[in-house]
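Okay, structure first, notes after.
The values are calculated or read from the model by the stated rules, or taken from the named source; none is laboratory data. These numbers were taken from a predicted model, which means no experiment stands behind them. Glycine also receives a Cβ, built like all others from the backbone with ideal geometry; neighbour counts cover every protein chain displayed. Keep in mind that these areas ignore ligands, DNA and RNA; they rest on the heavy atoms of the full protein, side chains included. Shrake-Rupley method; radii C 1.70, N 1.55, O 1.52, S 1.80 Å.
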Amino acid sequence: MKEKEERILVIIKPDAIVRGLIGEVYKRFERKGFKVIGTKMVHLSDILLDDHYAHLKDKPFFKGIKKFMQSSPVILIVLSGVNASAAARLIAGQTSAAEADAGTIRGDFAMSIQSNIVHVSDSPENGEIEVKRFFSEDEIFDYKRVDEAFVYSDVHEDFSA
Ligand code: ADP
């Protein structure tokens, strides 16, 4: 990985899976310049969800989110990119989808707080923790995107042509 490049976790949640929005989610991150370096479909276990949503365990909606997140398989994605978490959160939009900006994934496809299409890591630190929670290193790959010199020109010299 290059300096400032981050790895983050995206989860395509059950509402997006059953509504046929898998491709929409991949498309929006890919066209921005993110590199998909790991991906798989899984059914999330209680243990993984308790860990992933530990910061919400005392909220009244905790049981409801777990039930929702186990209502279908989900797709887990590892994305890499420079300043990836900040840029990816802008693409996802805010948690409450009804208030999310038009043009964001949540703003364009949802109205719910719970069923808001995607999870996106909210910081570089949480990105690493979450990637390691759901992926082993041998499930993550590296390659060069042919457009990275243009995607990141002026952003970081490691990527210059
Ligand atoms: P984010 O997913 O934007 O990082 P949080 O970490 O606060 O937001 O919440 C995790 C997930 O829990 C949300 O994406 C949403 O699915 C669910 N959630 C958050 N707040 C509520 C709520 N008030 N009612 C129901 N579900 C909620």
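Return yes when residue 63 is over 16 Å from residue 151 (Cβ atoms) and among the charged types (D, E, K, R) and no when it is not.
Against the criterion (over 16 Å from residue 151 (Cβ atoms) and among the charged types (D, E, K, R)), residue 63 qualifies.
Would you please name the residue that is nearest to the ligand (Cβ to nearest atom), looking only at residues in segment 126-146 that are surrounded by fewer than 16 Cβ atoms within 10 Å (Cβ to Cβ) and hydrophobic (A, V, I, L, M, F, W, C)?
The qualifying residue nearest to the ligand (Cβ to nearest atom) is 129.
If you scan segment 78-111, which residues turn out to be on the phi > 0 side of the Ramachandran plot and within 11 Å of the ligand (Cβ to nearest atom)?
Correct list: 93 only.
Can we say residue 151 is in contact with a Gly (Cβ under 9 Å, 6 or more places away or on another chain) and hydrophobic (A, V, I, L, M, F, W, C)?
Taking the combined requirement at face value, the residue satisfies it.
Could you check segment 2-23 and list, in sequence order, the residues that are among the charged types (D, E, K, R), open to solvent by less than 50 Å² (accessible area, probe 1.4 Å) and out of contact with any Gly (no Cβ under 9 Å at 6 or more places or on another chain)?
13, 15
State whether the residues of segment 115-125 include one that is more than 11 Å from the ligand (Cβ to nearest atom) and buried (at least 20 other Cβ atoms within 10 Å of the Cβ).
No: segment 115-125 contains no residue that is more than 11 Å from the ligand (Cβ to nearest atom) and buried (at least 20 other Cβ atoms within 10 Å of the Cβ).
Restricting to segment 68-105, name every residue that is free of Cβ contacts under 8 Å to residues at least 60 places away in the same chain, open to solvent by 10 Å² or more (accessible area, probe 1.4 Å) and assigned to a helix (DSSP H, G or I).
Within segment 68-105, 68, 86, 87, 89, 90, 98, 99 qualify.
Looking only at segment 18-66, how many residues end up being assigned to a helix (DSSP H, G or I) and either within 11 Å of the ligand (Cβ to nearest atom) or of a type in the set (S, T, N, Q) (or both)?
Residues meeting the conditions: 10.
Here is a list of conditions, (1) more than 24 Å from residue 35 (Cα to Cα); (2) without any contact (Cβ under 8 Å) to a residue 24 or more places away in the chain, and residue 115 meets all of them except one; can you say which number that is?
Evaluating residue 115 over (1) more than 24 Å from residue 35 (Cα to Cα); (2) without any contact (Cβ under 8 Å) to a residue 24 or more places away in the chain leaves (2) as the failure.
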